[in-house]
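The values are calculated or read from the model by the stated rules, or taken from the named source; none is laboratory data. None of these values were measured; they are calculated from a predicted model. Every residue, glycine as well, gets a Cβ built from its backbone with ideal geometry; the counts of neighbours run over all protein chains shown.
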Amino acid sequence: MRKILIPIDGSPVSVKAAEKAVTLGKLIDGELTFITVVNMPSEDKYSFFGINVEKQFTANLKEMLKKLIEEETKMLRVVVKNLNTGTLKVEQRVIVGNPAAEIVKLAEEENFEYIFMGRRGFSKAERFFIGSVTQKVIAASPCPVIVVN
Ligand SMILES: Nc1ncnc2c1ncn2[C@@H]1O[C@H](COP(=O)(O)OP(=O)(O)O)[C@@H](O)[C@H]1O
Ligand SMILES: [Mg+2]
């Protein structure tokens with residue numbers, strides 16, 4: 001099976017990239033894997049400065065992470081449901097970590113043939129030509145990355 005990886009952050013352009021991926025998927029009888037990475041602010045940052053965060057803070061982070069995973073899972077389900085994937089094999093994953101690193105790791109470990117993603121995501125900062133996640137994935141990806149505008 002020819003595997004296509006589609007990172008989704010919920011932005012309109014990531015959905016557009018997904019539509020292009022579906023088109024290719026149908027042409028090559030591919031298998032689509034949608035991935036959303038939940039980026040977590042970590043307490044490691046504080047311990048690095050020798051600050052002991054309060055137990056309550058850690059508990060709140062865990063609770064927040066749980067909520068984020070739930071919300072992102074819902075978001076991804078809605079995005080995929082609205083795509084016309086027909087009879088294509090489709091998989092959805094929500095994982096926690098650094099978005100670019102997790103996307104590249106998955107592409108490497110599971111031998112994806114293509115990655116489809118947006119040039120931008122949610123950031124409004126036009127001073128950057130390309131989003132940082134996309135930039136990092138292009139730089140480190142083991143397979144071709146199709147960047148959609
Ligand atoms: N957390 C994420 N999980 C999955 N895909 C992501 C994530 N963040 C960004 N992407 C992908 O990377 C593309 C570019 O986003 P990004 O580099 O974050 O730009 P921006 O700085 O505008 O948010 C998105 O269109 C999406 O395809
Ligand atoms: Mg972003």
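Quick notes on this structure:
- Considering (1) within 16 Å of ligand 2 (Cβ to nearest atom); (2) part of a helix (DSSP H, G or I); (3) among the acidic types (Asp, Glu), the lone condition that GLU19 does not fulfil carries the number (1).
- Summed over segment 23-42, the residues that are more than 14 Å from ligand 1 (Cβ to nearest atom) and either closer than 22 Å to ARG120 by Cβ or in contact with a Ser or Thr (Cβ under 7 Å, 6 or more places away or on another chain) (or both) give a count of 2.
- SER11 vs. criteria of a type in the set (Gly, Ala, Ser) and free of Cβ contacts under 8 Å to residues at least 12 places away in the same chain: no
Table: residues versus (1) in contact with a helix residue (DSSP H, G or I) (Cβ under 6 Å, 6 or more places away or on another chain); (2) in contact (Cβ under 8 Å) with a residue 24 or more places away in the chain.
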| site | (1), (2) |
| --- | --- |
| VAL80 | no, yes |
| VAL94 | yes, yes |
| ASN98 | no, yes |
| LEU106 | no, yes |
| ARG120 | yes, yes |
| ALA139 | no, no |
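- Only one of ASN149, ASN84, ASN111 that is more than 16 Å from ligand 2 (Cβ to nearest atom), under 14 Å from VAL15 (Cα atoms) and of a type in the set (S, T, N, Q): ASN84
- Qualifying residues in segment 24-53 (those that are within 23 Å of PRO142 (Cβ to Cβ) and outside any strand (DSSP E or B)) - the one modelled with the lowest pLDDT: ASN39
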